[in-house]
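S.K.: Have a look at the structure that comes next, please.
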Amino acid sequence: MSTAPTTLTSKKSSTSSKILILITYSVFILLLIIPLVQIVIGAFNHGVQSLFQALLRPEALHAMWITLSVVVVVTLLNTLFGVLTAIMLVRGQWLSSRVRRFLNSMIDLPFAVSPVIGGFMIMLLLGPQTVMGAFFSDLGMPIVYAFPGMVLATLFVTFPLMIREIAPVLQEIGTQQEEAASMLGAYSWTTFWKVTWPSIRWGVTYGVVLTVARSLGEFGAVLVVSGNIMNKTQTMTTLVYQDVDNFNIAAANSVALVLAVCSITLLLVMEWAKRRKGVHTHAH
Amino acid sequence: MNAVLNHKGALWGFRTTLLLYMFLLIILPITGIYAHSLSAGWNMFVESISDPLAWKAVWLTLRLSLLAMVINMVIGTITAWVLHRYQFPGRTLLNSLVDLPFALPTAVGGLMILLLLGPNSSVGQWADAIGIRIVFGEPAIVVAMVFVTFPFVIRAVQPLLEEADKTQEEAAHTLGASKWRTFYQVLLPQMRPGIISGGMLAFSRAMAEFGAVVLVAGNIPGKTLIASVYIFGEIESDNPQGAAAVSVILLTLSFLVLWFINTLQAKEGR
């Protein structure tokens with residue numbers, strides 16, 4: 001938020017630049033700021049009491065619990081598998097480079113898949129009418145219309161996030177340090193913690209924040225897989241959807257406010273992690 | 001721990017688990033959906049996709065996603081340029097706000113649009129008075145798509161601007177080229193790869209969008225029903241065949257876009 005020195009501005013601040021800045025401000029205000037303010041105002045529109053009433057409904061509390069559980073489980077699994085997969089793709093000499101290139105091109109696929117289709121895929125493979133689905137329900141652990149399916153759907157959607165943060169860093173730092181450490185006798189586990197981890201730490205932090213944001217906000221895939229059963233598989237986002245469907249806009253707005261506050265907090269953490277990571281921008 | 005990790009069997013098991021995880025989570029489901037769409041035979045597939053409502057949904061999605069892409073390419077380029085080039089109060093704040101649509105749940109994005117432009121809002125009532133339907137009509141779908149894909153072009157153009165060689169621009173200026181000429185002949189070519197790849201990403205994301213759109217589109221079959229909502233409807237009404245057929249069309253389009261972006265980036269990288 002720095003103001004430019006006068007010499008620079010006098011040279012640059014022609015009418016056209018003023019117009020461009022004005023356009024940019026209008027885009028941000030119309031597209032981002034007004035809607036955000038609207039969510040806050042809307043939530044308090046019917047008084048603080050009705051806001052809390054909407055949030056303390058049993059189904060709302062249950063939805064918060066489910067969302068929290070999905071976020072925690074997915075973030076843990078995606079971080080673990082994401083870091084390991086990234087290491088495998090960049091460092092795995094045991095795979096031929098062709099296989100690695102093939103796997104690498106598979107990573108981004110979930111970005112191209114509509115969340116609804118992502119959920120639908122899980123239905124097709126593990127739904128109640130399928131062999132696998134029947135097998136798991138007989139074991140007493142149904143997957144679709146239950147928690148495991150929601151975790152799977154969210155894992156699918158968040159899969160690329162961690163890998164795409166870490167793989168470039170691993171590529172960039174190269175293997176020299178790790179090799180030196182190995183030669184000096186430090187073995188793989190120690191090498192990882194002492195040499196690899198410090199360099200990917202901020203990438204992992206950023207990946208975790210992205211994963212939390214995405215799993216918190218996932219809607220389409222979870223809606224399909226969960227069946228949106230109240231007090232059972234309903235998450236915060238699918239509750240917002242149901243409230244809107246029932247024309248209970250005020251209640252939807254209250255839940256949305258909680259989600260928006262979480263998102264903005266995550267956005268702030270993202271900014272902080274980005275700065276620590278020392279990378280300016282990312283497309284995903 | 002080291003002893004366990006270095007054990008040959010453990011290492012083998014570990015590697016298999018990783019490959020299996022990727023295979024089961026990503027590759028199997030995607031091939032599964034293609035297989036399912038053709039499982040009842042080619043004729044059934046053709047029949048499913050030639051359902052006029054399915055076609056209309058796919059066509060509407062393509063048309064509106066293209067429109068959202070073009071809008072994003074224009075405002076994204078301007079925004080990236082202004083954020084990079086000019087110093088003005090609030091610049092850092094705006095730059096951080098760019099990522100908001102990525103961080104915000106899409107259902108919340110949809111609700112925002114509903115609240116702002118819906119029938120009970122002042123904008124909605126004003127538009128109604130002059131005979132334009134925003135929410136439950138095409139305009140709201142485009143707004144939802146633009147909102148959700150807003151960061152793509154900006155985040156693709158910004159790194160290019162940071163890397164760009166400023167001397168070229170200065171040379172053009174010194175040689176007496178007008179501002180617009182400098183823009184078209186020097187700056188725009190520098191930004192072009194970012195505008196294209198960011199725009200394509202925005203396009204594929206807009207085609208796939210569900211959460212924000214389903215809340216504002218009204219979902220009238222043949223009119224405001226987009227492909228992803230159509231698929232959802234077919235799943236709900238227990239017609240996996242129809243859902244799979246449209247999914248395959250949508251997926252193939254997205255994969256082509258992704259492939260195109262990768263080729264483009266590989267070319268730029270060399």
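The values are calculated or read from the model by the stated rules, or taken from the named source; none is laboratory data. For clarity, every value in this text was computed on a predicted model and none was experimentally measured. Reconstructed Cβ throughout: ideal geometry from the backbone, glycine too, with neighbour counts over all protein chains shown.
Residue-by-condition table, conditions (1) assigned to a helix (DSSP H, G or I); (2) loosely packed, with under 15 Cβ neighbours inside 10 Å; (3) within 24 Å of the chain's Cα centre (by Cα); (4) on the phi < 0 side of the Ramachandran plot:
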site	(1), (2), (3), (4)
B:Phe88	no, no, no, yes
B:Leu94	yes, no, yes, yes
B:Gly110	yes, no, yes, yes
B:Leu115	yes, no, yes, yes
B:Ala127	yes, no, no, yes
B:Gly131	no, yes, no, no
B:Val135	no, no, yes, yes
B:Val142	yes, no, yes, yes
B:Met145	yes, no, yes, yes
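S.K.: Let me ask something else about it. Here are some conditions: (1) buried (at least 21 other Cβ atoms within 10 Å of the Cβ); (2) over 18 Å from A:Pro35 (Cβ atoms); (3) within 12 Å of chain A (Cβ to nearest Cβ); (4) not acidic (Asp, Glu). B:Ser178 meets all but one. Which one does it not meet?
M.R.: B:Ser178 satisfies all of (1) buried (at least 21 other Cβ atoms within 10 Å of the Cβ); (2) over 18 Å from A:Pro35 (Cβ atoms); (3) within 12 Å of chain A (Cβ to nearest Cβ); (4) not acidic (Asp, Glu) except (1).
S.K.: In the set B:Arg63, B:Arg91, B:Arg85, which member is among the basic types (Lys, Arg) and under 20 Å from B:Ser228 (Cα atoms)? Even if it seems obvious, please write down each step before you answer.
M.R.: On the way: B:Arg91 fails: under 20 Å from B:Ser228 (Cα atoms); B:Arg85 fails: under 20 Å from B:Ser228 (Cα atoms).
So the residue among B:Arg63, B:Arg91, B:Arg85 that is among the basic types (Lys, Arg) and under 20 Å from B:Ser228 (Cα atoms) is B:Arg63.
S.K.: Here's a check for you: in segment B:150-172, which residue that is charged (D, E, K, R) and touching a Ser or Thr at 6+ places or on another chain (Cβ under 9 Å) is nearest to B:Arg205 (Cα to Cα)?
M.R.: Taking segment B:150-172 as the starting set, the residues that turn out to be charged (D, E, K, R) are B:155, B:162-163, B:165-166, B:169-170.
From what's left, touching a Ser or Thr at 6+ places or on another chain (Cβ under 9 Å): B:155, B:162, B:169.
Values: B:Arg155: 15, B:Glu162: 25, B:Glu169: 33 Å.
Result: B:Arg155.
S.K.: Taking into account only those residues within segment A:214-250 that are among the small types (Gly, Ala, Ser) and surrounded by fewer than 24 Cβ atoms within 10 Å (Cβ to Cβ), which is nearest to the chain's Cα centre (by Cα)? Let's see the steps before the verdict.
M.R.: Going residue by residue through segment A:214-250, those that are among the small types (Gly, Ala, Ser) are A:215, A:217, A:220-221, A:226-227, A:250.
Restricting the remaining residues to those that are surrounded by fewer than 24 Cβ atoms within 10 Å (Cβ to Cβ) gives A:226-227, A:250.
Working: A:Ser226: 18, A:Gly227: 21, A:Ala250: 26 Å.
Across segment A:214-250, the extreme among qualifying residues is A:Ser226.
S.K.: For a quick check of your reading: which helices (runs of 4 or more DSSP H) sit entirely within segment A:58-149 and have at least 1 residues that are crowded, with 16+ Cβ neighbours inside 10 Å and either aromatic (Phe, Trp, Tyr) or touching a Cys at 6+ places or on another chain (Cβ under 6 Å) (or both)? Show your work before the answer.
M.R.: Details: elements: A:58-91, A:97-107, A:109-112, A:115-126, A:131-138.
Ranges flagged: A:58-91, A:109-112, A:115-126, A:131-138.
S.K.: Criterion first (of a type outside the set (A, V, I, L, M, F, W, C), farther than 30 Å from B:Pro119 by Cβ and more than 12 Å from chain A (Cβ to nearest Cβ)) does B:Gln185 satisfy it? Spell out how you get there, then give the answer.
M.R.: Values: of a type outside the set (A, V, I, L, M, F, W, C): yes; farther than 30 Å from B:Pro119 by Cβ: yes; more than 12 Å from chain A (Cβ to nearest Cβ): yes.
Considered against the rule, which asks whether it is of a type outside the set (A, V, I, L, M, F, W, C), farther than 30 Å from B:Pro119 by Cβ and more than 12 Å from chain A (Cβ to nearest Cβ), B:Gln185 comes out as yes.
S.K.: Hey, another quick one. Those residues that are without any contact (Cβ under 8 Å) to a residue 24 or more places away in the chain and either under 30 Å from B:Gly199 (Cα atoms) or within 21 Å of the chain's Cα centre (by Cα) (or both), I need them from segment B:38-69; list them, please.
M.R.: Within segment B:38-69, B:Ser50, B:Trp55, B:Trp59, B:Arg63 meet the criteria.
S.K.: How many of the residues making up segment B:151-175 are within 12 Å of another protein chain (Cβ to nearest Cβ) and either surrounded by fewer than 14 Cβ atoms within 10 Å (Cβ to Cβ) or at pLDDT 80 or above (or both)? Outline the logic, then answer.
M.R.: Initial filter on segment B:151-175 (within 12 Å of another protein chain (Cβ to nearest Cβ)): B:151-163, B:173.
If we keep only those that are either surrounded by fewer than 14 Cβ atoms within 10 Å (Cβ to Cβ) or at pLDDT 80 or above (or both) too, we end up with B:151-163.
Counting residues in segment B:151-175 that are within 12 Å of another protein chain (Cβ to nearest Cβ) and either surrounded by fewer than 14 Cβ atoms within 10 Å (Cβ to Cβ) or at pLDDT 80 or above (or both) gives 13.
S.K.: Which of the residues belonging to segment B:96-108 are within 9 Å of B:Ala212 (Cα to Cα) and either hydrophobic (A, V, I, L, M, F, W, C) or assigned to a helix (DSSP H, G or I) (or both)?
M.R.: B:Thr106, B:Ala107, B:Val108, listed by residue number.
S.K.: Sticking with this structure for a sec: How many residues does segment A:11-55 hold that are part of a helix (DSSP H, G or I), surrounded by 14 or more Cβ atoms within 10 Å (Cβ to Cβ) and small (Gly, Ala, Ser)?
M.R.: Looking only at that region, the number is 5.
S.K.: Given the criterion touching a residue at least 24 places away in the same chain (Cβ under 8 Å), more than 10 Å from chain B (Cβ to nearest Cβ) and under 22 Å from the mean Cα position of the chain (by Cα), identify the matching residue among A:Ile87, A:Ile66, A:Ile122, A:Ile39.
M.R.: Only one candidate qualifies: A:Ile66.
S.K.: So A:Thr211 clears everything in (1) in contact (Cβ under 8 Å) with a residue 12 or more places away in the chain; (2) surrounded by fewer than 19 Cβ atoms within 10 Å (Cβ to Cβ); (3) β-branched (Val, Ile, Thr) except one condition, right? Which one?
M.R.: Exception for A:Thr211: condition (2).
S.K.: Would you pick out the residues in segment B:79-90 that are closer than 15 Å to B:Arg155 by Cα and either within 7 Å of another protein chain (Cβ to nearest Cβ) or hydrophobic (A, V, I, L, M, F, W, C) (or both)?
M.R.: B:Thr79, B:Ala80, B:Trp81, B:Val82, B:Leu83
S.K.: For the structure I just gave you, tell me whether B:Pro105 is touching a residue at least 12 places away in the same chain (Cβ under 8 Å), surrounded by fewer than 18 Cβ atoms within 10 Å (Cβ to Cβ) and of a type outside the set (Gly, Ala, Ser). Before you say what the answer is, go through the steps one by one.
M.R.: Details: touching a residue at least 12 places away in the same chain (Cβ under 8 Å): yes; surrounded by fewer than 18 Cβ atoms within 10 Å (Cβ to Cβ): no; of a type outside the set (Gly, Ala, Ser): yes.
No; evaluated as a whole, the condition is false for this residue.
S.K.: Looking at this structure, is A:Val116 at the interface with another protein chain (Cβ under 9 Å from one of its Cβ atoms) and either within 23 Å of B:Asn239 (Cβ to Cβ) or in contact with a Leu (Cβ under 6 Å, 6 or more places away or on another chain) (or both)? Can you show your working first?
M.R.: Values: at the interface with another protein chain (Cβ under 9 Å from one of its Cβ atoms): yes; either within 23 Å of B:Asn239 (Cβ to Cβ) or in contact with a Leu (Cβ under 6 Å, 6 or more places away or on another chain) (or both): yes.
In short, yes.
S.K.: Going through segment B:213-248 one residue at a time, which ones are touching a residue at least 40 places away in the same chain (Cβ under 8 Å), of a type in the set (Ser, Thr, Tyr) and more than 8 Å from chain A (Cβ to nearest Cβ)?
M.R.: Correct list: B:Thr224, B:Tyr230.
S.K.: Pairs, please: C-beta under 8 Å, at least 6 apart or cross-chain, first residue over 19 Å from B:Thr149 (Cβ atoms) and in segment B:75-90, second aromatic (Phe, Trp, Tyr) and part of a helix (DSSP H, G or I)?
M.R.: B:Gly90/A:Tyr25
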